[in-house]
Amino acid sequence: MKKIEAFFKKHRLNDVIELLHDIDSLTGLSISGICGLGRTRNPEGPVHIIDNAYDDTQHVKIEVFCTDALVETVVSTILDGAHTGLRGDGKIYISPVEEAIRISTRERGESAV
């Protein structure tokens, strides 16, 4: 099992959600509004870094828990929906999940995802 965290621009959220709805095996996701800061390398030189003290551009974070077999489908779907081709489109992180437990039924493992 994996946890997929995707950070991207808020105005792309509806597109991402609409595409993720088409994945039949996907059981759900969580959405959070976020803000933060970023560092951008200056194209004129690899050493100089431009610091943005704070970026109040609206971004979102979605968290998806899924089986290993579904990871590439979910990731490519998020990429399709979130991509604008502009700097700051976002990031996707994938982490292993040791176990999942559904509280209502006490199911464990992939059936609880």
Scanning region 86-101 residue by residue, those part of a loop (DSSP other than H, G, I, E, B), at pLDDT below 95 and surrounded by 12 or more Cβ atoms within 10 Å (Cβ to Cβ) turn out to be Gly88, Asp89, Ala100
ask   = Within region 5-17, can one find any residue that is at pLDDT 95 or above and among the small types (Gly, Ala, Ser)?
value = yes
Output for Cβ contacts, cut-off 7 Å, separation at least six or different chains, first residue without any contact (Cβ under 8 Å) to a residue 24 or more places away in the chain in region 57-73, second among the aliphatic types (A, V, I, L, M) and surrounded by fewer than 20 Cβ atoms within 10 Å (Cβ to Cβ), reads none
Residue pairs within 8 Å by beta carbon, gap of at least six or interchain, first lying in region 10-22 and part of a loop (DSSP other than H, G, I, E, B) and among the aromatic types (Phe, Trp, Tyr), second at pLDDT below 95 and surrounded by 11 or more Cβ atoms within 10 Å (Cβ to Cβ), listed first then second, are none
Here the residues within region 66-85 that are surrounded by fewer than 21 Cβ atoms within 10 Å (Cβ to Cβ), at negative phi and not in a helix (DSSP H, G or I) are Thr67, His83, Thr84
- [ ] With respect to Asp24, determine if the residue is more than 14 Å from Gly88 (Cβ to Cβ), modelled with pLDDT of 95 or more, more than 12 Å from the chain's Cα centre (by Cα) and acidic (Asp, Glu).
- [x] no
Note on region 28-51: residues assigned to a loop (DSSP other than H, G, I, E, B) and either touching a strand residue (DSSP E or B) at 6+ places or on another chain (Cβ under 6 Å) or at pLDDT below 90 (or both) are Leu29, Leu37, Gly38, Asn42, Pro43, Glu44, Gly45, Pro46, Val47, His48
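The values are calculated or read from the model by the stated rules, or taken from the named source; none is laboratory data. Please read all numbers here as calculations on a predicted model, not as lab measurements. Quick reminder, even Gly has a Cβ in these numbers, built from the backbone with ideal geometry, and neighbours come from all protein chains shown.
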